[in-house]
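Everything on this sheet refers to the single structure shown next.
Read-outs throughout are calculated quantities, based only on the coordinates presented, and are distinct from any laboratory measurement. Only a predicted model underlies this, so the values are computations on that prediction, with no experimental measurement involved. As a convention, Cβ positions derive from the backbone with ideal geometry for all residues, glycine included, and neighbour counts pool all protein chains shown.
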Amino acid sequence: MTVDLVSVGLTCADVGARPIDEYPEAGKLSLVPHLEIHMGGLAGVTATVFSQLGGKAAFIGKVGTDGFGDYLLGAMRAAGVNVDGVQRVPGEGSSATIVLISGDGERTFLHHTGATTQLTEDDVDFGLVSQAKALHWGGPAVTPGLDGEPIGRVMRRAREAGVKTSMDTCYDGSGVWFPRLEHALPHLDIVMSSLEEAREYTGKRTPEDIASFYRSFGPEVAVIKLGGDGIYVQGADEEHRLPAHRVKVVDTTGAGDASCAGFLYGYLQGWDLLRCARLANAVGALTVQNMGGAEAIVSLEETLAFMEAG
Ligand SMILES: Nc1ncnc2c1ncn2[C@@H]1O[C@H](COP(=O)(O)OP(=O)(O)OP(=O)(O)O)[C@@H](O)[C@H]1O
Ligand SMILES: [Mg+2]
């Protein structure tokens, strides 16, 4: 099976409980009105949303042999994502997060890094990658076996095979930041990064300076995600800053991962950067109105209708 996009990196089961404004005493039980599982993880969500927009996507990553792994693979398959490149690690838990959401929307996380930490460059199937239009990495800090020099080699090889390359960044709780992605940058066509993370990775403040910094290492396009302030894109001869759609926010988890899929979908269709950014902005705005990151996008038609109306 040939695909347009191969997305490599994290997939993660997000178990969310809400609203939780008080924790039970140790050893006691509380009832919660909502307890849900959603597919998270920046590479898995990007592959899934790309597929829901009508593109052909594959995901490469590692999950455990546990129920979370069954769920993640099932969710991606149901969305039409090719998961042939996923390995299940015996005796290892899948990456998973318990998200405790307060009444006012603040989120507290308990994260298990799990099987994704065992993902290495040898797991990237170049039979699959070399026939694709693009290879996407999501992303630094959550794929320790790829970060640094290995992902640089992977991206260089993809480029040499004529494949477009992109990355979405992730918050680095360990504080390493730039060394995780510096070897990839010269071999990337598109960098996508959320503003707060991007400030840490680059040491720059404004979206313009951040994008210029990333692009100075080689990528032609930089997309800076601005949360409730929208999106900024910078290319060789143009830049665009779009305000966010005004919507009722339910859960922002995964909106960035989903919006990357929107941008990549447009880019691989040959759209201009402004239209790619508009689709990414629309996908993000639709995603924040629902729990989870991967389930809000139903079709390209509905997303374009929302985009044109907004
Ligand atoms: N409050 C909001 N209202 C409308 N649109 C939003 C809102 N928050 C996010 N978006 C849209 O979603 C896009 C991505 O969100 P954000 O900037 O939070 O990415 P992110 O930090 O990478 O998210 P995550 O890593 O949690 O998936 C934004 O660029 C914007 O288009
Ligand atoms: Mg993000």
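What the table below lists for this structure:
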quantity: Full-stretch length increase - Val298, Leu110 - with 0.36 nm per residue and alpha-carbon distance subtracted; calculated: 64.7 nm
quantity: GluC sites (Glu not before Pro) lying in DSSP loop within the stretch 1-51, provided at most 12 other Cβ fall within 10 Å; calculated: Glu22, Glu25
quantity: Loop trypsin sites (Lys or Arg not before Pro), the stretch 1-74 (other Cβ atoms within 10 Å of the site Cβ: 12 or fewer; DSSP); calculated: Lys28
quantity: Net charge, Ala198 excluded, C-beta distance under 12 Å - Lys, Arg +1, Asp, Glu -1; calculated: -3
quantity: Full-stretch length increase - Phe306, Glu220 - with 0.36 nm per residue and alpha-carbon distance subtracted; calculated: 28.1 nm
quantity: Extension reserve of the Glu149-Glu200 stretch, reckoned as 0.36 nm per residue once the Cα distance is removed; calculated: 16.4 nm
quantity: Projected label distance in nm at Ser212 and Thr2, using a 7 Å step from Cα toward the beta-carbon; calculated: 4.1 nm
quantity: Length-normalised contact order of the stretch 83-193 in % [C-alpha pairs under 8 Å, at least 6 apart]; calculated: 23 percent
quantity: Computed [θ] at 222 nm, deg cm²/dmol, the chain (DSSP H ≥ 4; -39,500 (n - 2.57); rounded to nearest 500); calculated: -9000 deg cm²/dmol
quantity: Mean separation of Cα contacts under 8 Å, 6 or more apart, over the residue count of the chain: relative contact order %; calculated: 17 percent
quantity: Inter-probe distance in nm under a simple model that places probes 7 Å from Cα toward Cβ, at Phe178 and Glu238; calculated: 3.0 nm
